[in-house]
Amino acid sequence: MFLANSRYSNVAVVETTTSTGERVTALKLRRLTPVAGTPHVVEEGDRLDLYAHAAGDATQFWHVADANTALDGRTLVATPGGTLDLPER
């Protein structure tokens, strides 16, 4: 269902019934384990894929989001002057 390098590649798929009786397939909630990171001050124009590229692979941008427990990584770089943790690998 997902590419091998996707953060969802090993997440269990579950079937459930909505309040209206419709059967749906969904991904089980991923539990994030704490990750050590280096604090970084966000600057204008920063992007998670650029951080990941600097660490070796831009497609692994989701590691930055996971290290900061963000569902939408764009929120991490939305405000210049804010801080986020860059995971250590």
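A short reminder: the numbers here are calculations on the coordinates, not readings from a lab. On a predicted model such as this, the values are computed, not experimentally measured, just so you know. We place every Cβ from the backbone using ideal geometry, glycine too, and count neighbours over all the protein chains shown.
Once label points are set 7 Å from the Cα along Cα→Cβ at both Thr33 and Ala12, what is their separation, rounded to one decimal in nm?
In this crude spin-label approximation the distance works out to 1.7 nm.
Among [x] 12.6; [y] 15.7; [z] 14.7, which one is Kirkwood radius over Cα pairs in Å computed from these coordinates?
Of the listed options [x] 12.6; [y] 15.7; [z] 14.7, [z] comes from this structure.
Is the C-alpha gyration tensor of the stretch 35-87 telling us rounded, prolate or oblate? Criteria: a/c under 1.5 is rounded; beyond that, a/b larger than b/c is prolate, otherwise oblate. Numbers along the way, then the final one.
Values: a/c = 1.39, a/b = 1.22, b/c = 1.14.
Judged from the Cα gyration tensor, the stretch 35-87 comes out rounded (a/c under 1.5).
From the phi angles alone, apply the Karplus equation (6.51, -1.76, 1.60; θ = phi - 60°) to the stretch 10-23 and give each ³J(HN,Hα) in whole Hz, x where the residue is Gly or Pro.
Result, ordered by residue: 10, 7, 5, 9, 10, 10, 9, 10, 6, 5, 8, x, 6, 7 Hz.
Using θ = phi - 60° and the Karplus relation 6.51 cos²θ - 1.76 cosθ + 1.60, list the HN-Hα couplings for the stretch 51-66 in order, rounded to whole Hz, with x at every Gly or Pro.
Rounded to whole hertz, the list is 4, 5, 4, 4, 8, x, 7, 4, 6, 9, 4, 5, 4, 5, 4, 4.
Just want the answer: with Cβ charges of +1 for Lys and Arg and -1 for Asp and Glu, which residue in Gly56, Pro80, Ala70 is farthest toward the dipole's positive end in the chain?
Ala70
Please check the chain for the longest run free of chymotrypsin sites (Phe, Trp or Tyr not before Pro) that are loop-located per DSSP (anything but H, G, I, E, B) and have at most 14 other Cβ atoms within 10 Å. Numbers along the way, then the final one.
On the way: sites that count: Phe2, Tyr8.
Longest stretch, sites excluded: 9-89.
Taking only C-alpha pairs under 8 Å that are 6+ residues apart, what is the relative contact order of the chain in percent? Don't jump to the answer; show the numbers that get you there.
On the way: 123 pairs, mean separation 24.5, N = 89.
Relative contact order for the chain comes out at 28 percent.
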